[in-house]
Amino acid sequence: MKITLFSDSIISNNIKNEKIKKLFLSLLKKEKQNNNLRTVSNRGGFQTNDIKNKILEEFLITSSAHMLTSNYKFKKSVKFILNNFWINENLKNNYNTPHLHLGQNVDFSGAYYLKAPKNSGNIFFESNDPSREMFETFKSFIEPSFDFQNYIDFEPKDNDFVLFASNLRHGVMPNKTNEKRISVSFNLMIRE
């Protein structure tokens, strides 16, 4: 018998919505024209400040709620609340350093990929437990699996919607293309 302990997981779905995508992209254009940017984990590229938009907030909440209730069994009725969202545009060689989205009002974080060309920067996740590195020798003897991993990356595609626990360390690899990689990042909390 195998029992999985202390696991972390991500949830992903591909959600195509051209109307929503156009609205996000028009907001990005407006924010760039107003030079409304910040630097947090991004190295190069453009990251907007937090954006307020009821239609897009509802899209992020509804999509997240559907994915979470489809993958986890909740014991009672809960409310999904969007803390904030912002838009990222990464050009060639731009990337995001490893980071966490911590705070007492953040339970899940996510990314919605508006444009993600091949080789434009995989999202990666790192274990918060550095002792997992001790299993490198053992991992070389077994077929690949998610057990004992301390680092995993995923190549996003257009319209991928990804959710993960906000305390899961993550980042984005450099964009190796001449095309823009555009994503929306957000934080969500769950309350009764």
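For the pair K29 and N128, what calculated FRET efficiency results from E = 1/(1 + (r/R0)^6), where r is the Cβ-Cβ distance and R0 = 45 Å, to the nearest 0.05? All intermediate terms of the calculation are to be shown ahead of the outcome.
Numbers: r = 37 Å, r/R0 = 0.81.
Calculated transfer efficiency: 0.80.
Using a 1.4 Å probe, how large is the accessible area of L5, given in Å² and rounded to the nearest 10?
120 Å²
Just the accessible area for R43, please: 1.4 Å probe, Å², rounded to the nearest 10?
Around 100 Å² of this residue is reachable by solvent.
For the chain, take the longest principal axis of its alpha carbons; what is the angle in degrees between that and the long axis of helix 54-71, to the nearest 10 within 0 to 90?
That works out to roughly 20 degrees.
Beyond a 25 Å Cα-Cα separation, which of these cross-linked pairs lie in this structure: K19/K73; K30/K54; K79/K118; K29/K79?
Values: K19/K73 31 Å; K30/K54 17 Å; K79/K118 36 Å; K29/K79 32 Å.
Flagged as over cut-off: K19/K73; K79/K118; K29/K79.
Quick check: the distance between the Cα centres of segment 28-88 and segment 121-175, to the nearest angstrom?
After rounding, the separation between the Cα centres reads 22 Å.
Which residue, G171, G44, G103, has the most motion in a Gaussian network model of the chain that connects Cα atoms within less than 10 Å?
G103
Under 8 Å for C-alpha pairs, at least 6 residues apart: give me the relative contact order for segment 100-192, rounded to a whole percent. All intermediate terms of the calculation are to be shown ahead of the outcome.
Details: 174 pairs, mean separation 51.8, N = 93.
Dividing the mean separation by the residue count of segment 100-192 yields 56 percent.
What chymotrypsin sites (Phe, Trp or Tyr not before Pro) does segment 85-166 have in DSSP loop regions with at most 14 other beta carbons within 10 Å?
Of the chymotrypsin sites (Phe, Trp or Tyr not before Pro), the ones in loops of segment 85-166 whose Cβ has at most 14 other Cβ atoms within 10 Å are F141, F146, F148.
Once you charge only the Cβ atoms, +1 for Lys and Arg and -1 for Asp and Glu, what is the size of the charge dipole of the chain about its Cα centre, to the nearest 20 debye? Could you put the intermediate results ahead of the total?
Values: 27 positive and 20 negative charges, 161 e Å.
Rounded to the nearest 20 debye, it is 780 debye.
What percent does the relative contact order of the chain come to when contacts are Cα pairs within less than 8 Å and at least six residues apart? Display every interim value, and only then the final one.
Values: 374 pairs, mean separation 65.6, N = 192.
So the answer I get is 34 percent.
Can you send over the solvent-accessible area of M189, 1.4 Å probe, protein chains only, in Å² to the nearest 10?
Roll a 1.4 Å probe over it and M189 shows about 30 Å².
Between H66 and I190, what length in nm is gained on full extension when 0.36 nm per residue of separation is reduced by their alpha carbon distance? Before the final figure, lay out each step's value.
On the way: separation 124, 0.36 × 124 = 44.64 nm, distance 1.30 nm.
Taking H66 through I190 to full extension adds about 43.3 nm, to one decimal.
With viscosity set to 1.306 mPa s at 10 °C, what whole-number translational diffusion coefficient in µm²/s follows for segment 1-110 from Stokes-Einstein and a Kirkwood radius over Cα pairs? Before the final figure, lay out each step's value.
Working: Rh = 16.5 Å.
It diffuses with D of about 96 µm²/s by this estimate.
Suppose only helical runs count, i.e. DSSP H with n ≥ 4. What mean residue ellipticity at 222 nm does that imply for the chain under -39500 (n - 2.57) per run, divided by all residues and rounded to the nearest 500 deg cm²/dmol? The partial results should precede the final answer.
Numbers: 3 runs with 38 residues, N = 192.
Only helices count here, giving -6000 deg cm²/dmol.
Calculate the spin-label point distance for F148 paired with K19, positioning each point 7 Å from the Cα along the beta-carbon direction, and give it in nanometres.
A separation of 5.1 nm, rounded to one decimal place.
Need the full-extension length gain, F6 to F74, defined as separation in residues times 0.36 nm minus the C-alpha distance. One decimal, nm.
Numbers: separation 68, 0.36 × 68 = 24.48 nm, distance 1.90 nm.
22.6 nm is the gain from fully extending F6 to F74.
Tilt of helix 18-33 relative to the longest C-alpha principal axis of the chain, in degrees (0 to 90, nearest 10)?
Rounded to the nearest ten degrees, it is 70.
What do you get for trypsin sites (Lys or Arg not before Pro) in segment 54-90 restricted to DSSP loop and a cutoff of at most 12 other Cβ within 10 Å of the site's Cβ?
Numbers: sites: K54, K73, K75, K76, K79; in loops: K73, K75, K76.
Counting only loop positions with at most 12 other Cβ atoms within 10 Å, the trypsin sites (Lys or Arg not before Pro) in segment 54-90 are K73, K75, K76.
The values are calculated or read from the model by the stated rules, or taken from the named source; none is laboratory data. Model, not experiment: these values are computed from the prediction. Cβ atoms come from the backbone with ideal geometry, glycine included; neighbour counts cover every protein chain shown. Heads up: the accessible areas ignore ligands, DNA and RNA and are worked out on the full protein's heavy atoms, side chains in. Shrake-Rupley method; radii C 1.70, N 1.55, O 1.52, S 1.80 Å.
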